[in-house]
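Here is the structure we will look at, set down as structure tokens.
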Amino acid sequence: MKQIRNFSIIAHIDHGKSTLADRLIQYAHLVDDRQFRDQILDNMDIERERGITIKSQTICLPYTSRNGVDFELNLIDTPGHVDFSYEVSRALASCEGVLLLVDASQGVEAQTLANLYAAMEHNLVIIPVINKIDLPSADIETVKHEIEHDLGLDPEEAVLCSAKEAIGIEDILEAIVARIPPPSGSMEKPLSALIFDARYDSFRGTIVTCRIFDGTVAPADTIRLMSTGAAYKVEEVGIFRLMREPRKELSAGMVGYLISGIKTVSDTRIGDTITLETNPVEKPLPGFKEVKPVVFSSIYPVASDDYQSLAEALEKYTLNDASLTYQKDSSAALGQGFRCGFLGLLHLEIVQERLEREFDQSIVMTMPSVQYRFYLTDGRVVTVDNPQYYPDPVTVQKSEEPYIRASILIPERYVGAVMKLCMERRGVNSHLSYPTPGRVEITFDMPLAEVVFDFYDKLKSITQGYGSFDYEITDYRESQLIKLDILVNGEKVDALSVIVHRERARERAVKICDRLEDEIPRHQFKIAIQGAIGGKIIARSTVSAFRKDVTAKCYGGDITRKRKLLEKQKKGKKRMKQVGSVMIPQSAFMAALRTSDEE
Amino acid sequence: MRNRPGGCCGLYVHIPFCRTRCIYCDFYSTTGTGLEGAWLKALQQEILLYQADFGRVDSLYIGGGTPTVLGDGMLARLMETLHAHFRFAPDCEVTIEANPDDVTRARLGAMLGLGINRVSFGVQSFDDGELAFLGRRHAAEGARKALKAAIGAGFSNLGIDLMYGLPAQTRQRWLATLEEALFFKPTHLSCYQLTVEGETPLSRMIGRNEASLPGEEEERAFFLLTSRFLEAHGFIHYEVSNFAASRRFFCRHNQKYWTHVPYLGLGPAAHSFDGVQRWWNHRSLKRYVEALAMGGKPIAGRELLSDEQFELERLYLGLRTRRGVRLPDLPETALPLVEELRKARLVRVRGNRLYPSRRGYLVADSLPVLLSR
């Protein structure tokens, strides 16, 4: 156990986390340089494109230190977005230390801070690493100063490197073995292992990634997942190299995988404790939370014939992403579909992109919603996450919406702008504190609905990327909620309906109408787009008609050519949804959903 | 019900010769001389390959190119050949496209004698400046003379082709051209909006910013003005660009293109349709002649229409004409759209047929996409 180190890398986006991970892997010679594929850990297309990690990955790197001792270094990769902060916290709970990566030319940025605090909460050893020192714009002294003043860390402990140029990699590895403590724990105690990831393999079922805190686990053991009580027989255990490498057992301090006949990822819970059926541990490891979806939206196939194919895609998708929940839904405008629950808006976008790209689905998504509560005159209380089920207004005695406690870390100069943003989003109960000089932590109570859509993007833009944001759902509070409907040429498009606070209704309606005006192509006739509450129109816009497209001649030689052109246009139509007399492109539903105003 | 076996078919002959090329035209023709003999010989060979497959002919259209560059003798030999190999209906519509500069009263009389009973003059404009811009050989006076000659020779079915939407053309000038055309009591008018085709001198001029065409709203205004003006003078606007003095004068031949009636196109670049297949000849006189000299068909390409393609064609071709389409042929999803289009007064419904209104013609190219399955 003394020769094991468990660590993670935390960094601001673009500060070079993936590149550093690649270098560390390369240094371990797990793969020959010719085969080396950049950013091995981010192996989903979307992750590569967006440069963020969605599913964390783990790899065990062999390392022989300068003084000749052999180590096993477990690099635990973490997702990088607030939607996945719980997953991050479980990954960090599996480590004893972190590399805090700071860009030598950009310096300390907000996300670095938020991640640092997360690491500190877990009492991890923090090794500052200054990356990109090869850049002409690198300013090591200033960054060191920031490390001391903004982060409160000893700047002399910082390791200098350039992941891109493979400079200082060995220094980092030496710092890891020297400064990060070996895991503690006892092989003699009952098994206690933390699940921090799970993924689906079509041949082996669910592969659980875990950190063993105490005890040992080996094939043929019967394990129990403490939150569900379900028991499974272990088929295989092992560690991660680039591929899975089976071992006879996993023991205290190790990070590895476990295969045990668990069918789908949703049978496991991130943060759950694994123990042995025969010799169980008394108490589970701390910090387990049931992750519940907070944003809901329906997914419909663009062509209604594709419903079955979408159902199959969702089933396959959730094999590997247990945080997505779904059930059948139907809409007058869009036909048969599914109501889905997401961890946040980014999660929603990722699901959408993966369904389209990896599962080849053409889908339309409806306006995201949170879960509202309605107290009815007959004494019933109903929870509604789908505007379709908004109760008859005359029966509603009281309505409530979920509130969060938002905490935002920013440099002092942005306080004004951020306060303004939070007030606009109906934030109340603000508190300001100064954790370090020049930095401000603002906390606000805010409706969840106000942050799930675009709050984070907005915050990032007004703080030029320096704002970090975290939240937890606190309670439900009374709120004046109404249902806003969108009508296209007089036809209600139920997929665009949304439950909103009365005071925000008009603004929201205007935005949606404007968005749709931009996205719905001109038709042969004028299209009226209206936002309405009950029967009352509160916003409107118009898509003017196009007036001429006919070509003058159509004789023998023109017929085939012209038909080919129309065939192409017909294909384009397949990506549209017909609502009444109007063809609404899929992009319009997406655009209406983005309520942010980048104008 | 695709084609109707036993029905009459159309015959098209492409005369691939022009003295000079007009700046807007992308029909196939050559300005070379002395090739007429080789062309006619090849054409005679081509006829032999098809004569058995096509039944009775009730429309013949001699187009081009410029058919009237053929001398009287050559034209007579062409007509003789066609009559020798195809069965012509007694009331067969026989049209020739004529360039005003090429005809005299005597020549027109000779044409009548050959059984040509419809002449369509490429007048384009009665404004000399416009004619010069378009690269036409004739001037307005030449057109007037030719039209008078045709009337004098005894043509009772007289068509005039005109063009609008020319750079800097005013509505007044266009109306003046229309009015003058009506003076000759044509039975048929084709009014084409000047269109930039692929590789033409006009497209290059536009590319170099040496000419510019009217915008969408202006083109629309010209279109509606034309339609209103001619309908006020008793014409039927029976296709996007075609007007007839009465139903009797709808161009029988051209309607075949729009209704999937079989037609055989002879000559280079000609297109044919037999009810199921469409094919088109080499767009080069040389290759056309060579292919036939080798004993083969001079075909450059062909296509077999799938049911879906056939449906789409029926829809889009139908929606370009006053005849319209059958409502029961539309998919169910189209019905709310039909209602909307009616409200917008772009289509009308009569019996079980749906057809475009005057303003509907303007969007006739996108209606089929909207209404198709």
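Read the figures in this text as sums done on the coordinates, not as results from a lab. Model, not experiment: these values are computed from the prediction. With ideal geometry, Cβ positions are generated from the backbone for all residues, glycine too; neighbour counts draw on all protein chains shown.
Setting aside same-chain residues fewer than 8 positions from A:Lys328, which aspartates and glutamates have a Cα under 15 Å from its Cα?
A:Asp306, A:Glu312, A:Glu315, A:Asp385
So what's the Cα pair-distance distribution over the protein assembly as shown, bin width 20 Å, in %?
Result, from short to long distances: 12, 31, 24, 21, 12, 1 percent.
Please report, ordered by residue number, every helix of chain B (full DSSP H runs) that is 30 Å or longer along its axis going by C-alpha atoms and whose mean Kyte-Doolittle hydropathy reaches 1.0.
None pass (Cα extent of 30 Å or more, hydropathy at least 1.0).
Given the alpha-carbon gyration tensor of the range A:83-228, what are the semi-axes of its equivalent ellipsoid in whole angstrom, ordered largest first, with each equal to the square root of 5 times an eigenvalue?
After diagonalising the Cα gyration tensor, the semi-axes are 35, 16, 15 Å.
Quantify how strongly other chains surround peptide A:563-573 by giving the mean number of their Cβ atoms within 10 Å of each of its Cβ atoms.
Across A:563-573, the average partner-chain Cβ count within 10 Å equals 5.
Which three lengths, in whole Å and largest first, does the range A:482-593 cover when its Cα atoms are put on their principal axes?
Cα extents, longest axis first: 61, 23, 19 Å.
Could you give me the ³J(HN,Hα) list for the range A:531-548, computed from phi with Karplus coefficients 6.51, -1.76, 1.60 and θ = phi - 60°, whole Hz, x at Gly and Pro?
x, 9, 10, x, x, 9, 7, 10, 7, 8, 8, 9, 9, 5, 7, 7, 10, 7
Please list, ordered by chain and number, the residues whose modelled amide H lies under 5 Å from the amide H of B:Tyr164; skip anything fewer than 5 residues away on the same chain.
For B:Tyr164, whose amide H was placed from the backbone, the distant partners under 5 Å are B:Tyr192, B:Gln193, B:Leu194.
How many Lys pairs in chain B lie less than 28 angstrom apart by Cα atoms, where the lysines are 8 or more positions apart or on different chains?
The result is 8.
For B:Thr30, A:Thr64, A:Thr209, B:Thr170, what's the fewest-to-most ordering of other Cβ within 10 Å of each Cβ?
If I rank by nearby Cβ atoms, fewest first, I get B:Thr170, A:Thr64, B:Thr30, A:Thr209.
Which angle from 0 to 90°, rounded to the nearest 10, does the C-alpha axis of helix A:505-519 make with the longest principal axis of chain A?
80
In the range A:276-413, what is the volume of the convex hull around the alpha carbon atoms, normalised per residue and reported in Å³? Each step should come with its number before you reach the end.
Working: hull volume 33.0 nm³, N = 138.
Cα-based convex hull of the range A:276-413, divided per residue, equals 239 Å³.
Roughly how far apart, in whole Å, are the Cα centres of the range B:104-125 and the range B:1-72?
Computed from Cα coordinates, the inter-centre distance equals 17 Å.
Compute the distance in nm between two label points, each set 7 Å from the Cα along the Cα-to-Cβ direction, one at A:Thr474 and one at A:Leu432.
It works out to 1.9 nm between the two label points.
In whole angstrom, note down how far apart the Cα centers of the range A:378-450 and the range A:490-533 are.
25
Taking the number of other C-beta atoms within 10 Å as the exposure measure, put B:Thr66, B:Thr20 in order starting with the fewest. List each step's numbers first, then the result.
Values: B:Thr66 25, B:Thr20 10.
Lowest to highest Cβ neighbour count: B:Thr20, B:Thr66.
Could you tell me the center-to-center distance, by alpha carbons, between the range A:97-139 and the range A:188-267 in angstrom?
First find each Cα centre; the distance between them is then 32 Å.
Among A:Lys577, A:Lys263, rank each residue by its count of other Cβ atoms within 10 Å, from fewest to most, as a rough exposure measure.
Taking fewest neighbouring Cβ atoms as first place, the list is A:Lys263, A:Lys577.
Evaluate peptide B:334-345: per residue, the Cβ atoms of other protein chains within 10 Å of its Cβ; return the mean as an integer.
Shielding by partners across B:334-345 averages 4.
Between A:Ala545 and A:Met187, take the C-beta separation as r, use R0 = 60 Å, and let me know the FRET efficiency to the nearest 0.05. Show your work: numbers first, answer last.
Values: r = 77 Å, r/R0 = 1.28.
Taking R0 as 60 Å, the efficiency between A:Ala545 and A:Met187 is 0.20.
So what is the calculated 222 nm ellipticity per residue for chain A, using -39500 (n - 2.57) for each DSSP H run with n of 4 or more, over all residues, to the nearest 500 deg cm²/dmol? Numbers along the way, then the final one.
Numbers: 14 runs with 147 residues, N = 599.
Helices in chain A give a 222 nm mean residue ellipticity of -7500 deg cm²/dmol.
Between A:Arg179 and A:Glu491, what is the spin-label point distance in nm, taking each point 7 Å from the Cα along the Cα→C-beta axis?
Using points 7 Å along Cα→Cβ, the separation is 6.3 nm.
What length, rounded to one decimal in nm, is gained on full extension from A:Lys316 through to A:Lys573, with 0.36 nm per residue of separation minus their alpha-carbon distance?
Taking 0.36 nm per residue and subtracting the Cα distance, the gain is 89.7 nm.
To two decimal places, what compactness ratio does chain B give when its Cα radius of gyration is scaled by 2.2 N^0.38 Å?
Working it through for chain B, the quotient is 1.00.
Specify the angular offset, from 0 to 90 degrees and rounded to the nearest 10, of the alpha carbon long axis of helix A:140-149 from the longest principal axis of the alpha carbons in chain A.
It works out to around 90 degrees.
For the range A:585-592, in order, what is each residue's ³J(HN,Hα) by Karplus, 6.51 cos²θ - 1.76 cosθ + 1.60 with θ = phi - 60°, in whole Hz (x at glycine and Pro)?
Once θ is set to phi - 60°, the couplings for the range A:585-592 become x, 3, 4, 5, 5, 5, 5, 5 Hz.
Under the rule of at least 5 residues apart or a separate chain, name every residue whose amide H is placed under 5 Å from the amide H of B:Val347.
B:Arg342, B:Ser357
Return the long-range amide H neighbours of A:Phe213 (sequence gap of 5 or more, or a different chain), with a cut-off of under 5 Å between placed amide H atoms.
A:Ser192, A:Ala193, A:Leu194, A:Gly253
Just to check I understand the Karplus step: with θ = phi - 60° and J = 6.51 cos²θ - 1.76 cosθ + 1.60, what whole-Hz values come out for the range A:207-218, glycine and proline as x?
Once θ is set to phi - 60°, the couplings for the range A:207-218 become 10, 8, 9, 8, 10, 7, 8, 9, x, 9, 9, 9 Hz.
Would you report the distance distribution of C-alpha pairs in the range B:32-162 as whole percents per 5 angstrom bin, up to the bin with the largest distance?
Histogramming the range B:32-162 at 5 Å steps yields 2, 10, 19, 21, 19, 14, 9, 5, 2, 0 percent.
Let me spell out the model: positive unit charges on the Cβ of Lys and Arg, negative unit charges on the Cβ of Asp and Glu, origin at the Cα centre of the range A:482-593. What dipole size does that give, in debye rounded to 20?
520
Which FRET efficiency value, to the nearest 0.05, is calculated for B:Gln172 and B:Glu197 with the Förster distance at 22 angstrom and r the Cβ-Cβ distance?
Efficiency, from the Cβ-Cβ distance: 0.20.
So how far apart, in nm, are the two label points at A:Lys164 and B:Leu225 if each is 7 Å from Cα heading toward Cβ?
It works out to 6.2 nm between the two label points.
Any idea what angle helix A:415-424 forms with the longest principal axis of chain A, computed on alpha-carbon atoms, 0 to 90 degrees, nearest 10?
With rounding to tens, the tilt is 50 degrees.
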